[in-house]
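Report on one structure; see the data block that follows.
The values are calculated or read from the model by the stated rules, or taken from the named source; none is laboratory data. Note that this is a predicted model, so its numbers are computed, not measured. So basically every Cβ, Gly included, is an ideal-geometry build from the backbone, and we count neighbours across all protein chains shown.
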Amino acid sequence: MKKIVIFLIGCTLCLGFFGISQIYAEENPVICAVHPFTGRFAFAGIHGVDGMKDAIDMANEQGGVNGKKIEFHWEDGEYKNDVGIAAFKRLYAKHKPHIMFGQSTGMTKALSPEIQDRYKVLYSAYTFAEIAASPEENPFLFIAGPTYIEMFNVLLKYIAEKDPGANIAFFYSDTEFGREPIPAGREICKDLGLNLVAEQVAKVGETDVTTQVLDLKRKEAQYVIFQGFVATPITTVMKQAKDYGLDAQFMGTFWSTEKHLLDQLGPLADEYMGVTAYSYYYQDEYPMIKMIREWNQKHHPDKADYRSQAYMHSFMTALVFVRALEKADEMGGFTPENLVKGLQSIKDYDVGGLMPPVTIENNSIPVGRIVRGNSKTGQFEPVSDWIHLK
Amino acid sequence: MRCGDFKETYVRDEEIFQSLFVKFWLGVLAAFLLIFPFIANEYMLYIANMIGFAIIGAVGLNLLTGFTGQISLGHAAFIGVGAYTSAILVTRLGLSFWLSIPLAGLVAASAGMIIGIPSLRVKGLYLCIATLAAQFIFEFIFIHWESMTMGITGINVPPPSIGGFEFNTEKRFYWITLFFVVLGVIYAKNLVRSRMGRAFMAIRDRDLSAEIIGINIFRYKLSAFAISSFYAGVVGALWVFYLKVVTPDHFPLLLSVEYLAMIIVGGLGSILGAIFGGIFMTLVPEIINTLSAALKTIMPGNEAFFEPLKSVVFGMLIILFLIFEPRGLAEIWNRIKNFFRLWPFSY
């Protein structure tokens, strides 16, 4: 009997101690992500996963968030809305994260009401759409870079300075991605005194763009801005423009300022410009890029030759995640309110040249840089300094 | 001693639940479906809702393709029509969600009847291409009729409610989905036993003969399109209120192909097949995803190898099922049932 009593007391003490230790255990921050690791956006997802993971591993190596290690979990969303949302819900049910990252604009739109009402997690995604940069409606959503409209603004501002009153044409895909900044782009042209002479629409992957190119020539477009394409039909348009004698400057936004586009353009690469949000992997004069390169040499030697802008986007997003977590922790814990406050209070955050010192404004970072392709090196080279919008 | 299931009257022969065992197992299934939301987590309930939508949509398409023999590639478009109709009715006209569901079904049914008109002239692959037009036409309308559909921005809708009770979580929405699944399946099961259902099958088996024996081909073909599209419209309405947002990219052509795959894998011309197909096409990729997530923990760093394998495994499973049982999962189920009917004395 005595032995049983001692055993029971021992068990009670152990359980009590375990319970108390659980109560006082420090809460580790948890980040979950749905990346398009397969599917038609996999070109970004494959690098994006590594970018996010590397930034979090680096932060953990440097002590985590005030000594608390960051947990990171991710799943493949296949760039399909239903699969992505299922992965989001699976990750949420399993890990109860403080921060989530989504795979697309579509997924962001579908989840934003629930993030606002139920999940209350800080959220970013592979998107530069306005919905993720509207703090009044969606305070939990943010973009670690400029929105598409802000990118258009940077491009048009650059053109207005170089060539006032120039003839502009928008060439966009008939998709959400393509149409997003067009209405705002029209207004920006008016405000900057630019002459919007044409708007051409084509399908992603379209091979016959003769009509559009001839129309651009007829309307004497001097600058053609692409939106909603990654490669095709940009390459086709530029090749046909050359054939038909259209002398215009072609430009693109973030997803069409990747190295593979220059490789496809060949000698025409010199005639292509764009706006990007982050420094390139080969710009190792910046300390953060140097650090990223060294990290990749050590941890991903097979991929260390080049890392795409999708990697930089995910990496930068993770840096903002970590900064918001640090600030929330200083405010008393990783609550949704603290995370939003922490995010919105980020000011002049030095990210080692990956971007200029970061200040979150309206849940985005409204800054971009104009780059031009170089057919000899196959690289984009900056032709402007960072252009701040606000 | 009587041993076996004898059907000695026509009434007994036409019964849906033909034996005590069927009634017992259906009772068990009903009990499970009622208990499920209390034991499942959010994610499992999300998948359960998605399976429910897939079942309703697949049952609808099976009525058209499996029972009437009319191949349609416009199912996703009709789902979209239902989704936009209910979203517009609720947000613009202030109608309740409950009223918007049948109206969404009716509008989708009207669209289905219009798109189904070519079925009177063309058959098979030609009809398939004619219905493909629905996809392009409606996709264009969803994007470009901005004053009504809000274009690419889409429409946000409030959660459905009764009084002050909002169906704003997976668990609460589960009851709505379950109600419509049960209603849809019971209606379809009864429909195929009726004059109309037999007319559908007669048209599928030989439309010329059907016409000779007095079946109005025009009426029944369009009815099949209308009923199938009604189901699609209801799925669309449920889907939009489940996600609380509708955008044009929710209804790609691939969705129509997926629904066709559901009824082919499940079993053409079988209500049970549509149910199995809906479950298979929704659940199996999720199981594969869960396994791949587990593999990521066991073998970190090999994601680039096994993540793309998911699609290969899923594709292989479909091919294997079709090779070993071309009549679908419903037929496999029948064989299992037959095996146990005389088990353990199957001599």
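This table checks each residue for (1) free of Cβ contacts under 8 Å to residues at least 12 places away in the same chain; (2) out of contact with any Ser or Thr (no Cβ under 9 Å at 6 or more places or on another chain); (3) not small (G, A, S).
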residue	(1), (2), (3)
A:E61	yes, yes, yes
A:A87	no, yes, no
A:K96	no, yes, yes
A:F140	no, no, yes
A:Y148	no, no, yes
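Of these, A:Y311, A:Y278, which one is aromatic (F, W, Y), closer than 24 Å to A:A55 by Cα and assigned to a loop (DSSP other than H, G, I, E, B)?
A:Y278
So in segment A:39-48, with the set limited to residues that are surrounded by fewer than 23 Cβ atoms within 10 Å (Cβ to Cβ) and in contact with a helix residue (DSSP H, G or I) (Cβ under 8 Å, 6 or more places away or on another chain), which one is nearest to the other protein chains (Cβ to nearest Cβ)?
A:I46
Of all residues in segment B:152-199, which are at positive phi and in contact (Cβ under 8 Å) with a residue 24 or more places away in the chain?
Hit for segment B:152-199 is B:G154, nothing else.
Kindly indicate which of A:Y148, A:Y126 is surrounded by 19 or more Cβ atoms within 10 Å (Cβ to Cβ) and either away from chain B (no Cβ under 13 Å) or in contact with a helix residue (DSSP H, G or I) (Cβ under 7 Å, 6 or more places away or on another chain) (or both).
Criteria check complete, one pass: A:Y126.
Which members of segment B:304-341 meet the condition of being of a type in the set (F, W, Y), surrounded by 15 or more Cβ atoms within 10 Å (Cβ to Cβ) and away from chain A (no Cβ under 14 Å)?
Those that are of a type in the set (F, W, Y), surrounded by 15 or more Cβ atoms within 10 Å (Cβ to Cβ) and away from chain A (no Cβ under 14 Å): B:F321, B:W333.
B:V265: facing another protein chain (nearest Cβ under 10 Å), buried (at least 20 other Cβ atoms within 10 Å of the Cβ) and modelled with pLDDT of 85 or more, yes or no?
In short, no.
Could you grab me the full set of residues in segment A:60-77 that are within 11 Å of another protein chain (Cβ to nearest Cβ) and touching a Lys or Arg at 6+ places or on another chain (Cβ under 8 Å)?
Listed by number, the residues that qualify are A:H73, A:W74, A:E75, A:D76.
For segment A:351-377: of the residues being surrounded by fewer than 17 Cβ atoms within 10 Å (Cβ to Cβ) and over 18 Å from the mean Cα position of the chain (by Cα), which is farthest from A:D270 (Cα to Cα)?
Filtering first and then ranking leaves A:T377.
Residues are listed down the side, and each one gets a yes or a no for (1) hydroxyl-bearing (S, T, Y); (2) within 18 Å of B:G57 (Cα to Cα); (3) in contact (Cβ under 8 Å) with a residue 60 or more places away in the chain:
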site	(1), (2), (3)
B:P252	no, yes, yes
B:F276	no, yes, no
B:A293	no, no, no
B:M299	no, no, no
B:E303	no, no, no
B:I323	no, no, no
B:W333	no, no, yes
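Given the conditions (1) touching a Gly at 6+ places or on another chain (Cβ under 9 Å); (2) within 14 Å of chain A (Cβ to nearest Cβ), which single one is not true for B:K221?
Of the numbered conditions (1) touching a Gly at 6+ places or on another chain (Cβ under 9 Å); (2) within 14 Å of chain A (Cβ to nearest Cβ), the odd one out for B:K221 is (2).
Are any residues in segment B:199-237 outside any helix (DSSP H, G or I) and among the small types (G, A, S), and if so, which ones?
Once the filter is applied, which keeps residues that are outside any helix (DSSP H, G or I) and among the small types (G, A, S), segment B:199-237 yields only B:G214.
Restricting attention to segment A:94-123, which residues are farther than 23 Å from A:T38 by Cα and either of a type in the set (A, V, I, L, M, F, W, C) or not assigned by TED's automatic domain parsing to the domain that holds A:E337 (or both)?
Those that are farther than 23 Å from A:T38 by Cα and either of a type in the set (A, V, I, L, M, F, W, C) or not assigned by TED's automatic domain parsing to the domain that holds A:E337 (or both): A:I115, A:V121, A:L122.
Considering only residues that are over 25 Å from A:R293 (Cβ atoms) and touching a Lys or Arg at 6+ places or on another chain (Cβ under 7 Å), which ones fall in segment A:347-365?
The answer is A:T359, A:E361.
Right, A:E206: in contact (Cβ under 8 Å) with a residue 12 or more places away in the chain, assigned to a loop (DSSP other than H, G, I, E, B) and surrounded by fewer than 20 Cβ atoms within 10 Å (Cβ to Cβ) or not?
yes
Can you name every residue in segment A:54-97 that is crowded, with 21+ Cβ neighbours inside 10 Å, out of contact with any helix residue (DSSP H, G or I) (no Cβ under 8 Å at 6 or more places or on another chain) and of a type outside the set (A, V, I, L, M)?
Passing the criteria: only A:K80.
Among the residues of segment A:296-343, how many are within 30 Å of A:G378 (Cα to Cα) and of a type in the set (D, E, K, R)?
Selection size over segment A:296-343: 5.
Taking into account only those residues within segment A:320-345 that are more than 17 Å from A:N363 (Cβ to Cβ) and among the small types (G, A, S), which is farthest from the chain's Cα centre (by Cα)?
A:G332
Has segment B:175-185 got any residue that is aromatic (F, W, Y), part of a helix (DSSP H, G or I) and under 17 Å from B:V246 (Cα atoms)? I'd like the intermediate steps shown before the answer.
Step one: of segment B:175-185, the residues aromatic (F, W, Y) are B:175, B:179-180.
Keeping just the survivors that are part of a helix (DSSP H, G or I) gives B:175, B:179-180.
Narrowing the set further to residues that are under 17 Å from B:V246 (Cα atoms) leaves none.
Scanning segment B:175-185, I find no residue that is aromatic (F, W, Y), part of a helix (DSSP H, G or I) and under 17 Å from B:V246 (Cα atoms), so the answer is no.
Restricting to segment A:189-202, what's the tally of residues that are crowded, with 20+ Cβ neighbours inside 10 Å and part of a helix (DSSP H, G or I)?
Adding up the residues that qualify gives 1.
Do you know which residues across segment B:246-262 are of a type in the set (V, I, T) and crowded, with 24+ Cβ neighbours inside 10 Å?
B:V246, B:T247, listed by residue number.
If you check B:R172 against the conditions, is it under 30 Å from A:Y92 (Cβ atoms) and either surrounded by fewer than 21 Cβ atoms within 10 Å (Cβ to Cβ) or modelled with pLDDT under 90 (or both)?
Taking the combined requirement at face value, the residue satisfies it.
Quick one: which residue in B:T282, B:T290 is within 17 Å of B:V257 (Cα to Cα) and either within 28 Å of the chain's Cα centre (by Cα) or at pLDDT 85 or above (or both)?
B:T282
Just to be sure, is B:M299 exposed (fewer than 14 other Cβ atoms within 10 Å of the Cβ), modelled with pLDDT of 85 or more and away from chain A (no Cβ under 14 Å)?
Details: exposed (fewer than 14 other Cβ atoms within 10 Å of the Cβ): yes; modelled with pLDDT of 85 or more: no; away from chain A (no Cβ under 14 Å): yes.
When the stated conditions are applied, B:M299 does not pass them.
On the basis of being free of Cβ contacts under 8 Å to residues at least 40 places away in the same chain, more than 21 Å from B:G57 (Cα to Cα) and not aliphatic (A, V, I, L, M), does B:F340 make the cut?
Considered against the rule, which asks whether it is free of Cβ contacts under 8 Å to residues at least 40 places away in the same chain, more than 21 Å from B:G57 (Cα to Cα) and not aliphatic (A, V, I, L, M), B:F340 comes out as yes.
Tell me, yes or no, whether segment A:76-85 has at least one residue that is among the aliphatic types (A, V, I, L, M), modelled with pLDDT of 90 or more and in the same structural domain as A:G352 (by TED's automatic domain parsing).
No: segment A:76-85 contains no residue that is among the aliphatic types (A, V, I, L, M), modelled with pLDDT of 90 or more and in the same structural domain as A:G352 (by TED's automatic domain parsing).
Closer than 24 Å to B:G277 by Cβ and either in contact with a His (Cβ under 9 Å, 6 or more places away or on another chain) or among the charged types (D, E, K, R) (or both): which single residue out of B:G57, B:G52 fits that description?
Values: B:G52 fails: either in contact with a His (Cβ under 9 Å, 6 or more places away or on another chain) or among the charged types (D, E, K, R) (or both).
After ruling out the rest, the residue left standing is B:G57.
Could you grab the pairs with beta carbons closer than 6 Å, sequence gap of 6+ or different chains, first residue in segment A:98-122 and within 13 Å of chain B (Cβ to nearest Cβ), second one in a strand (DSSP E or B) and modelled with pLDDT under 90?
A:K109/B:V245; A:A110/B:V245
Can you say whether A:I346 is under 27 Å from A:V383 (Cα atoms) and crowded, with 17+ Cβ neighbours inside 10 Å, as far as the supplied structure shows? First the steps, then the outcome.
Details: under 27 Å from A:V383 (Cα atoms): no; crowded, with 17+ Cβ neighbours inside 10 Å: yes.
The answer is no for A:I346.
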